[in-house]
Amino acid sequence: HRDGYSRADSASDADLILLNTCSIRDKADHKMFSDLGRLSLLKKENPNLKIGVCGCVAQRMGAEIVRRAPFVDLVFGTQNIAKLPELLGQMQDRGKGVVDIEPVPFDWDADTPVIRQSKIKAFVTVSVGCNKNCSFCIVPITRGREVSKPKDVILKETRVLADEGFKEVTLLGQNVNSYGWDLAKKSTFPDLLRNVAAMYG
């Protein structure tokens with residue numbers, strides 16, 4: 001990674017562990033604190049280990065996580081991942097838990113590093129959030145209102161993937177069918193599919 005981080009072979013070898021959480025499953029909070037309890041044992045063995053919590057549970061609980069698990073060094077929400085390098089710096093400087101769950105406008109042009117596990121399949125985010133309010137789903141609360149990524153940004157990303165030889169691209173969003181409703185330059189998901197498919201024609 002350009003900021004000097006590299007993947008550790010195991011949790012016991014790591015200097016930084018980020019626990020990515022999801023609220024969709026039942027008892028997500030309980031599972032998270034159970035996982036944190038196991039990670040706290042590693043921190044006793046390695047006092048330099050930093051532990052962070054991100055994702056939907058982090059967005060919903062915020063500083064409550066640090067209150068209940070004081071050994072946690074960083075909590076950040078679903079919209080704050082692009083700020084991770086800055087937050088890691090704050091964590092090192094303060095020497096205590098850093099919490100950032102404040103929603104921020106999406107900067108689709110931000111230069112966010114991407115490490116892909118496959119040389120064949122890739123994922124491209126086309127939208128985040130959801131405007132539905134289903135009784136069984138917490139996504140609108142943890143991920144916010146629906147925001148579409150501009151089509152030209154998506155096509156630029158997809159062109160790079162096609163040029164690099166990726167054979168399969170999956171377009172991601174909580175509700176891709178309503179893609180483009182909020183863009184100044186209107187677009188639809190079928191339009192986007194046709195444009196992406198044309199690159200692989």
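The values are calculated or read from the model by the stated rules, or taken from the named source; none is laboratory data. Only a predicted model underlies this, so the values are computations on that prediction, with no experimental measurement involved. Backbone-built Cβ (ideal geometry, glycine too); neighbour counts: all protein chains shown. Quick note on the areas: whole protein, heavy atoms, side chains included, nothing else; ligands and nucleic acids left out. Shrake-Rupley method; radii C 1.70, N 1.55, O 1.52, S 1.80 Å.
Tell me yes or no: at least one residue of the range 165-174 is modelled with pLDDT under 90 and either farther than 22 Å from PRO140 by Cα or not aromatic (Phe, Trp, Tyr) (or both). Yes, some residue in the range 165-174 is modelled with pLDDT under 90 and either farther than 22 Å from PRO140 by Cα or not aromatic (Phe, Trp, Tyr) (or both). Under the condition of being touching a residue at least 40 places away in the same chain (Cβ under 8 Å) and part of a helix (DSSP H, G or I), the residues counted in the range 33-56 number 1. Residues in the range 135-171 that are farther than 18 Å from TYR200 by Cα and either polar (S, T, N, Q) or open to solvent by 60 Å² or more (accessible area, probe 1.4 Å) (or both): SER135, PHE136, ILE141, THR142, ARG143, ARG145, SER148. Summed over the range 59-83, the residues that are open to solvent by less than 90 Å² (accessible area, probe 1.4 Å) and either free of Cβ contacts under 8 Å to residues at least 12 places away in the same chain or part of a loop (DSSP other than H, G, I, E, B) (or both) give a count of 10.
Kindly indicate whether any position in the range 15-22 is surrounded by 12 or more Cβ atoms within 10 Å (Cβ to Cβ), modelled with pLDDT under 90 and touching a strand residue (DSSP E or B) at 6+ places or on another chain (Cβ under 8 Å). Within the range 15-22, one or more residues are surrounded by 12 or more Cβ atoms within 10 Å (Cβ to Cβ), modelled with pLDDT under 90 and touching a strand residue (DSSP E or B) at 6+ places or on another chain (Cβ under 8 Å).
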